[in-house]
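Contents: one structure, followed by commentary.
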Amino acid sequence: REIATLTGVTFALDVALKLELHVPRPDKPAVAERFAALTNAEAFAEIRAKALTAVKAEVTAQVATAAKYNLKVLAFESGNGIWPPYPARSNLALQAKLTSLQRDPEMKTLYTEYLNDWFNAGGHLLMHFIDVARSSETSGWYGSLEYVAQTRAEAPKYDGLMSFIENNRNRIVP
């Protein structure tokens, strides 16, 4: 028996929530500008501290709840998707920062940490949301690849997913 969860999506939501990119308030442009001004290293540190740790705790709690009913936890539509709602989404500096983060080799490390946290917490099947999608204001930053012919070396999210699968076959395949 299994239960599907949106914990995978929660990673994406948590990033927006914890980084305050979603908050509808007068200083929203300032929040978006602050995040856009961070170096990629600073942005990844903030994502780890504010979002990844929260998602790990949530997965642990969901697994504990599911275990009471002898259920396995599955993640549906997982991935980072760092995509703030409007009006921050139309901020060009923020768009450039989000695109840069998606293409930064550190994204592979972030994905590996996320996947390790998921499985170490007792999560089972995890389905990544969107295989191929162009990164943009209108479609978000969800795809593991930005275009079908993108090489693995150019796609850190895809590389992270594939490396994790290759290195954890015994752990993730029932």
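The values are calculated or read from the model by the stated rules, or taken from the named source; none is laboratory data. Since the model is a prediction, treat every value here as computed from it, not as a measurement. Cβ: placed from backbone, ideal geometry, glycine included. Neighbour counts: every protein chain shown. SASA here: full protein model, heavy atoms, side chains in, ligands and nucleic acids out. Shrake-Rupley method; radii C 1.70, N 1.55, O 1.52, S 1.80 Å.
Data overview
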| read-out | value |
| --- | --- |
| Test set (1) at negative phi; (2) at pLDDT below 90; (3) open to solvent by 70 Å² or more (accessible area, probe 1.4 Å) - Glu20 fails condition number | (1) |
| Selected residue (only one of Glu113, Glu166 is modelled with pLDDT of 90 or more, part of a helix (DSSP H, G or I) and open to solvent by 70 Å² or more (accessible area, probe 1.4 Å)) | Glu166 |
| Flag if Pro174 is in a loop (DSSP other than H, G, I, E, B), touching a His at 6+ places or on another chain (Cβ under 7 Å), at pLDDT below 85 and of a type outside the set (A, V, I, L, M) | no |
